[in-house]
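Structure first, commentary second.
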């Protein structure tokens, strides 16, 4: 899968994942793919990975991995709990 197609699919996966889980009373409501953005992307051989987020301030970010050998994608959803500064 080429880079553009993978990124388009990632945005669709995250949009669908979010919209399937958002509460109908949530002030943010449903999102579109325009609300989804790629933070980081890497492609190695037939595999690819992207870190994706949305403009919804819910602390969520998503990791989508493409396994080119099996033609499968995996979506992991994470929530940021804290950002702690550790002095060196």
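We did not get these values from a lab; they are worked out from the coordinates using the rules stated. Here the structure is a predicted model, which means the values were calculated and not measured. In this analysis, Cβ positions are derived from the backbone assuming ideal geometry, glycine residues included, and neighbour counts consider all displayed protein chains.
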Scope segment 67-88; condition surrounded by 10 or more Cβ atoms within 10 Å (Cβ to Cβ) and closer than 25 Å to residue 22 by Cβ; matching residues: 73, 74, 75, 76, 77, 78, 80
Any hit, segment 21-36, residues being surrounded by 14 or more Cβ atoms within 10 Å (Cβ to Cβ), assigned to a strand (DSSP E or B), in contact (Cβ under 8 Å) with a residue 12 or more places away in the chain and at negative phi: yes
Scan of segment 64-79 for residues that are free of Cβ contacts under 8 Å to residues at least 60 places away in the same chain and either within 8 Å of the chain's Cα centre (by Cα) or in a strand (DSSP E or B) (or both), ordered by number: 64, 65, 67, 72, 74, 76, 78, 79
Condition met for residue 61 (in contact with a strand residue (DSSP E or B) (Cβ under 9 Å, 6 or more places away or on another chain) and touching a residue at least 24 places away in the same chain (Cβ under 8 Å)): no
